[in-house]
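> One structure, pasted below without further comment.
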Amino acid sequence: MAYHMDVKPVSEVDLPRCMEILIPSFEFMSISEILHGLNALSDREALSKLHWQTIQEHLARYPQGGAVGIKCVDVDQVTGNETIIGYAEWFIYPQPRTLDECLKPLGFMQPLRTADNDKHNSIRDYFRPSIETRADVMGTRPYGLLVWLCVDPSFRRRGAASKLVRWGMDQCTKLAIPAYLEASHEGKKLYESLGWQVLQHPRVQDIGYPIMMWWPNES
């Protein structure tokens, strides 16, 4: 049976399936359950609403950056049916921002459940090193930020992750701006194969993951 993969912006109705992939992919995070809940329907739906709101807020402020939530679909070329097999979120900042804007947490950086509202500090403390280091490295300049990248385990090693990363790289190329991410140790090899470079920074130990950048003129 013939299949091919395609990358498209997500719609609101796509997000529960995307969260079904994202939640288990990031269970290694110490704040995973506070941030994402469990991989149950009610939590997936609640998380979808939170991410959709974050996406819409970014698009309203930075429309030139293009889509934020991106899905990779496996398309049955016989029936045309699409299966979402991967998901990424690219927050692209096409214009300079103030330092306060650069240090502001993204909308999804809050407890998923109201019962966990007393754990806001845990989330802030978790993300603070990443946000502050990013602001230190990038300053207020325009750039693209890859935040989430995940692929259904049943469809890995077929190129879906590369397609999702390249989508954002192409957007950055059009805008002539660099791209930035904090890599998981598993994802580092993928990013390096696409031309990303590891940056050295005193706070890498605080973040716990490699900092990587990519420049349009170097691939």
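The values are calculated or read from the model by the stated rules, or taken from the named source; none is laboratory data. All values derive from a computational prediction rather than experimental measurement. Neighbour counts are summed over all protein chains in view; Cβ atoms, including those assigned to glycine, are modelled from backbone coordinates with ideal geometry.
> Do we find a residue being part of a strand (DSSP E or B) and more than 17 Å from Ala67 (Cβ to Cβ) anywhere in the range 117-140?
no
> Quick one: in the range 159-181, of everything that is touching a residue at least 40 places away in the same chain (Cβ under 8 Å) and polar (S, T, N, Q), which residue is farthest from Tyr93 (Cα to Cα)?
Looking at the filtered set, the residue picked out is Thr173.
Okay, residues lined up against (1) of a type in the set (Val, Ile, Thr); (2) closer than 17 Å to Ala88 by Cα; (3) modelled with pLDDT of 95 or more:
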{"position": "Ile123", "(1), (2), (3)": "yes, no, no"}
{"position": "Tyr126", "(1), (2), (3)": "no, no, no"}
{"position": "Leu146", "(1), (2), (3)": "no, yes, yes"}
{"position": "Cys150", "(1), (2), (3)": "no, yes, yes"}
{"position": "Phe155", "(1), (2), (3)": "no, yes, no"}
{"position": "Gly195", "(1), (2), (3)": "no, no, yes"}
{"position": "Ile207", "(1), (2), (3)": "yes, no, no"}
{"position": "Ser219", "(1), (2), (3)": "no, no, no"}
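> Could you list, in sequence order, the residues of the range 68-91 that are of a type in the set (Asp, Glu), more than 19 Å from Ala183 (Cβ to Cβ) and either surrounded by 21 or more Cβ atoms within 10 Å (Cβ to Cβ) or under 22 Å from the mean Cα position of the chain (by Cα) (or both)?
Asp74, Glu82
> Which of (1) in contact with a Lys or Arg (Cβ under 8 Å, 6 or more places away or on another chain); (2) within 18 Å of Leu50 (Cβ to Cβ) is the odd one out, the single condition Thr133 does not satisfy?
Condition (2) is where Thr133 drops out.
> Got at least one residue in the range 96-115 being farther than 16 Å from His58 by Cα, assigned to a helix (DSSP H, G or I), of a type in the set (S, T, N, Q) and modelled with pLDDT under 90?
Yes, some residue in the range 96-115 is farther than 16 Å from His58 by Cα, assigned to a helix (DSSP H, G or I), of a type in the set (S, T, N, Q) and modelled with pLDDT under 90.
> Here's something else I'd like to know. From the list Leu190, Leu199, pick out the single residue that is surrounded by 15 or more Cβ atoms within 10 Å (Cβ to Cβ) and within 26 Å of Pro94 (Cα to Cα).
Residue meeting the stated conditions: Leu190.
> Which residues, taken from the range 43-66, are at pLDDT 95 or above and outside any helix (DSSP H, G or I)?
Within the range 43-66, just Tyr62 meets the criteria.
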